[in-house]
């Protein structure tokens, strides 16, 4: 089942505009203007302006780029979240991840490199030099 519906179950109260059901398999690029929940299988690339939730039955072999990513199923590929990456107790990520905040519940698996990206903050010496006028 592939469709657009307002759903908040299992996504922490977030509204999911696009849903890929457990009996659905997609290959290729999935681009969503909003949020996306995956309970089926996706092979390829996922790009969402909102959040991506991979449910417990979800299996993803794809790079994921989204605002926030929540994994309760299995993801093989690179994940880039401009905000938060959450690995639930049943979640498994086999690949590299870039995010601002990382949350891993006990039992969650992350095999790959992990980088926490932050907005550039001036170093203390730069702040002091700027305040002194030179």
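The values are calculated or read from the model by the stated rules, or taken from the named source; none is laboratory data. Computed from a predicted structure; not experimentally measured. Reconstructed Cβ throughout: ideal geometry from the backbone, glycine too, with neighbour counts over all protein chains shown.
Within the stretch 24-39, the presence of a residue that is under 11 Å from the mean Cα position of the chain (by Cα), assigned to a loop (DSSP other than H, G, I, E, B) and closer than 25 Å to residue 107 by Cα is excluded. Of the residues 86, 56, 74, 105, the single one that is exposed (fewer than 14 other Cβ atoms within 10 Å of the Cβ) and either modelled with pLDDT of 95 or more or in contact with a strand residue (DSSP E or B) (Cβ under 8 Å, 6 or more places away or on another chain) (or both) is 105. In summary, residue 44 fulfils each of the numbered conditions (1) exposed (fewer than 15 other Cβ atoms within 10 Å of the Cβ); (2) farther than 19 Å from residue 19 by Cβ with the single exception of condition (2).
Quick check on the stretch 57-69. Is at least one of its residues over 17 Å from residue 117 (Cα atoms) and not in a strand (DSSP E or B)? Yes, there is a match, as at least one residue in the stretch 57-69 is over 17 Å from residue 117 (Cα atoms) and not in a strand (DSSP E or B).
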